[in-house]
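Single-structure report; data block below.
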Amino acid sequence: MSEPNYAGNIIVSLANLPEFLRKPILQKRLSEFFSMSEADKGEIINNALQAGPTIQFDKFATLFKTWLEILCNLSEEQRAIMFGAYISEITRNPEKIISFNLDGILEIYLTLTDEQKKVIACTVQRIVSLLDDNSKKRICLIIPERAKKEIGI
């Protein structure tokens, strides 16, 4: 029997909260992430990837946009840690991203301000540029063409 998906349960709960509650709670959870061990970070990422597709998309969209907005206000180092962890897990296990609505996720990204999109794109570009050739190929196969063009990878 597998362990309960506590992170996934938190994600689902956060998705159902109004923004005035969701944003500060998510900010606190994100700040805690950076002080976790690598094993705990990996578990959180895996649980988030598992829980994401189970959330009704309109609620997921709201939560994902809040997450991106918060990440834009963090340091480049923290963004790189967060996106790097997700990209690393996705390149190792691409099947985890298949059940996500990637076109919908791109649409959420496109609702950010130009400055926010630039911040996110620069971080993702830097992470992808540091990947080994095999990982770059894998990530490029997974990401829709339009998203690659928008982000610049």
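Total lysine pairs in the stretch 6-151 at Cα distances under 19 Å, for residues eight or more apart or on different chains: 20.
Cα centroids of the stretch 36-109 and the stretch 110-153: 13 Å apart. When only the Cβ of Lys, Arg, Asp and Glu is charged (+1, +1, -1, -1), the dipole of the stretch 6-151 relative to its Cα centre reaches about 120 debye. At 15 Å minimum axial length over the Cα atoms and a Kyte-Doolittle cut of 0.0, report the qualifying DSSP H helices in the chain, or say none. Answer set is 57-72.
Using the Cα gyration tensor of the stretch 1-80, with a ≥ b ≥ c the square roots of its eigenvalues, what is the shape: rounded (a/c below 1.5), prolate (a/b larger than b/c) or oblate (neither)?
It comes out oblate by the Cα gyration axes.
A full extension of the chain between residue 75 and residue 136 corresponds to an added length of 19.5 nm, given 0.36 nm per residue minus the alpha carbon distance. As a length-normalised measure over Cα pairs under 8 Å and 6 or more apart, the relative contact order of the chain settles at 24 percent. When the label point is put 7 Å from the Cα of residue 111 along its Cα-to-beta-carbon vector, which residues of the stretch 54-79 have a backbone N closer than 19 Å? Answer for the stretch 54-79: 54-73. Quick check on the stretch 6-151: take the gyration tensor over C-alpha atoms, sort the square-rooted eigenvalues as a ≥ b ≥ c, and tell me if it's rounded (a/c under 1.5), prolate or oblate. Rounded is the answer for the stretch 6-151, as its axis ratio a/c remains below 1.5. Among 48, 102, 21, pick out the residue whose Cα is farthest towards the positive end of the charge dipole of the stretch 6-151, where Lys and Arg carry +1 and Asp and Glu carry -1 on C-beta, about the Cα centre. The one lying farthest along the dipole's positive direction is 102.
Here, each number is a calculation from the coordinates, and none is a lab measurement. Please read these numbers as outputs of a predicted model, since none were measured by experiment. Virtual Cβ from ideal backbone geometry, glycine too; neighbours counted across all protein chains shown.
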